[in-house]
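Engineer: Just dropping this structure here.
The values are calculated or read from the model by the stated rules, or taken from the named source; none is laboratory data. Small disclaimer: the values here were computed from a predicted structure and weren't measured. Ideal geometry is used to build each Cβ from the backbone, glycine not excepted, and the neighbour counts take in all protein chains shown. Side chains are part of the model used for accessible areas, which takes the heavy atoms of the whole protein and leaves out ligands, DNA and RNA. Shrake-Rupley method; radii C 1.70, N 1.55, O 1.52, S 1.80 Å.
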Amino acid sequence: TDNSSCTKGLLWLKRAMQFVVCLLRLLQADESASLSSAANQAYNEVLQPYHGWITTGIFTVALKIVPSREDFYQNLGTSEKFGEEMNAFIEQFDVVLSKIHAHLDSKGLNFPDKV
């Protein structure tokens, strides 16, 4: 219930998973979006507010080497119900993340510190 490393670890894990869910939601919503552009948008929405200029610069460079959307989806696997399963994952995991966020917020543990 304080500013411990465990609390910060959970907070950053939540933020990282929010980034992943946001990225997948953006890719599902726009089939023409590149992985790079969707990752950039998800980064700006979810993680960038908590990153200082050095970390933002590193992330910007990392976004230049992401695989293509096609390679990314191929690595996730292909099934007849892929889109349906991905949407279900996004919806269900977003609920879990919202509960974690609400708990951290209620305890004053959603620290705005930048790294």
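Engineer: Is it fair to say Tyr43 is on the phi < 0 side of the Ramachandran plot, in contact with a His (Cβ under 9 Å, 6 or more places away or on another chain) and part of a helix (DSSP H, G or I)?
Structural biologist: Working: on the phi < 0 side of the Ramachandran plot: yes; in contact with a His (Cβ under 9 Å, 6 or more places away or on another chain): yes; part of a helix (DSSP H, G or I): yes.
Yes; evaluated as a whole, the condition is true for this residue.
Engineer: Related question: Looking at Ala38, Ala88, which is the one that is surrounded by 12 or more Cβ atoms within 10 Å (Cβ to Cβ) and either in contact (Cβ under 8 Å) with a residue 24 or more places away in the chain or aliphatic (A, V, I, L, M) (or both)?
Structural biologist: Details: Ala88 fails: surrounded by 12 or more Cβ atoms within 10 Å (Cβ to Cβ).
Exactly one of Ala38, Ala88 is surrounded by 12 or more Cβ atoms within 10 Å (Cβ to Cβ) and either in contact (Cβ under 8 Å) with a residue 24 or more places away in the chain or aliphatic (A, V, I, L, M) (or both), namely Ala38.
Residues checked against (1) touching a Cys at 6+ places or on another chain (Cβ under 7 Å); (2) open to solvent by less than 70 Å² (accessible area, probe 1.4 Å); (3) farther than 18 Å from Phe93 by Cβ:
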| residue | (1), (2), (3) |
| --- | --- |
| Lys14 | no, yes, no |
| Leu23 | no, yes, no |
| Glu31 | no, no, yes |
| Pro49 | no, yes, yes |
| Trp53 | no, no, yes |
| Val61 | no, no, yes |
| Lys64 | no, no, yes |
| Ser68 | no, yes, yes |
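Engineer: Looking at (1) over 23 Å from Lys114 (Cα atoms); (2) more than 14 Å from the chain's Cα centre (by Cα); (3) assigned to a helix (DSSP H, G or I), which is the only condition Leu24 fails?
Structural biologist: (2)
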